[in-house]
């Protein structure tokens, strides 16, 4: 075979290799929006190698900005959900310091932001104890009166440690000595290096905080400003002046939802997004599937991008172990029987713990153990877009909350087997 004959084959192989490299880099950035040369090796090099193509794709399809530097690659994921169920959707994916840790509460998010503010002015090395003292001081500033943080109890120290561990995961901090667990349990300490390159990329908003006050009004100090107002001001999109620009914004909002949420239901979108996704769902999902390797699943109720490699998720189902098995059994119950109260699910789990005593961990048979099992199962179902929990009235018993199955949960329904008698000749 001549060299001329080989040229198309070599070119095709190189193009396939390049596309596969870009796909791996996109998936890595969706899992962890900060890639570092020191810890992410090959994935960091792939993102650097395909930086121009990745930057163009993220900007066009999602409106997200990719910042590529010598030692870090940072995807600035800025997204404020819209539509009738925006709050519920936003609460599906709380941060977690480590796998299996409790989800971040409002106080943990506040401590995370205050820690970033302190680190911005800190020395290259900082101890956990000194960082905590600085956060206590800054938490007393006007405007933060609703957040009480005094380091007087184990719970508050645990919240701070959760924020620190999230910073460790992002690479803002690198542990030099000590550990966080000793700080929580016995007042120990830890020492960290501060990576200012990663620290400088943490803020991910459409507008600088200094401009948010102007968007809130001429005299924001005289207004009753809520956190939602501040968030909207930080992420407010500039006006669209042409039809093409309007369609681009719609496509980006829809694409962000499809990439961030396991399932996107049509009734969770506002009218414009719903119409756009209904008409363009084949084209939109095809572009996302080509770049990410996800498989589109188009249903009457909505759209899901399924990961055949099971990498782009922090919540899995099914999963082995007691909690995973209990979640599957509760999913089957909800899928077949419809809405159920939290109290009834707890009673069901108490019975299941006896039925599966030889397989489940021993602590599941202790009084009250069913509460934690049901809570963990509901966190998983809600996070995967399989169920919705309608809370009790203000001041009511949490056990009175009602769990409503969502359409995607139907795949976990198990029908009764049909037994057919074998005909004899």
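The values are calculated or read from the model by the stated rules, or taken from the named source; none is laboratory data. Just so you know, these numbers come straight off a predicted model, no measurement behind them. So basically every Cβ, Gly included, is an ideal-geometry build from the backbone, and we count neighbours across all protein chains shown.
Check whether at least one residue in the stretch 277-286 is crowded, with 19+ Cβ neighbours inside 10 Å, outside any helix (DSSP H, G or I) and touching a helix residue (DSSP H, G or I) at 6+ places or on another chain (Cβ under 9 Å), and report yes or no. No, the stretch 277-286 contains no residue that is crowded, with 19+ Cβ neighbours inside 10 Å, outside any helix (DSSP H, G or I) and touching a helix residue (DSSP H, G or I) at 6+ places or on another chain (Cβ under 9 Å).
Go through the residues of the stretch 89-98 one by one and say whether even a single one is at positive phi, modelled with pLDDT under 85, surrounded by fewer than 19 Cβ atoms within 10 Å (Cβ to Cβ) and assigned to a loop (DSSP other than H, G, I, E, B). No, there is no match, as no residue in the stretch 89-98 is at positive phi, modelled with pLDDT under 85, surrounded by fewer than 19 Cβ atoms within 10 Å (Cβ to Cβ) and assigned to a loop (DSSP other than H, G, I, E, B). Got a sec? Which of 353, 372, 331, 408 is at pLDDT 90 or above, surrounded by 16 or more Cβ atoms within 10 Å (Cβ to Cβ), farther than 30 Å from residue 285 by Cα and outside the structural domain of residue 287 (by TED's automatic domain parsing)? The unique qualifying residue is 353. Taking the conditions exactly as written (in a helix (DSSP H, G or I), more than 26 Å from the chain's Cα centre (by Cα) and at pLDDT below 75), does residue 218 satisfy them or not? Criteria not met by residue 218. Residues that are in a loop (DSSP other than H, G, I, E, B), surrounded by fewer than 20 Cβ atoms within 10 Å (Cβ to Cβ) and out of contact with any helix residue (DSSP H, G or I) (no Cβ under 6 Å at 6 or more places or on another chain) within the stretch 375-404 comprise 391, 393, 394, 395, 396, 397, listed in sequence order.
For the stretch 292-316, filtered to residues that are in a strand (DSSP E or B) and buried (at least 18 other Cβ atoms within 10 Å of the Cβ), the residue that is farthest from the chain's Cα centre (by Cα) is 302.
Restricting attention to the stretch 329-355, the residues that are in contact (Cβ under 8 Å) with a residue 24 or more places away in the chain and in contact with a helix residue (DSSP H, G or I) (Cβ under 7 Å, 6 or more places away or on another chain) total 13. Within this structure, residue 361 passes the test of being without any contact (Cβ under 8 Å) to a residue 60 or more places away in the chain and in contact with a helix residue (DSSP H, G or I) (Cβ under 9 Å, 6 or more places away or on another chain). Helices (runs of 4 or more DSSP H) fully within the stretch 100-181 that include at least 1 residues being more than 26 Å from residue 71 (Cα to Cα) and over 20 Å from the mean Cα position of the chain (by Cα): 128-138, 154-170.
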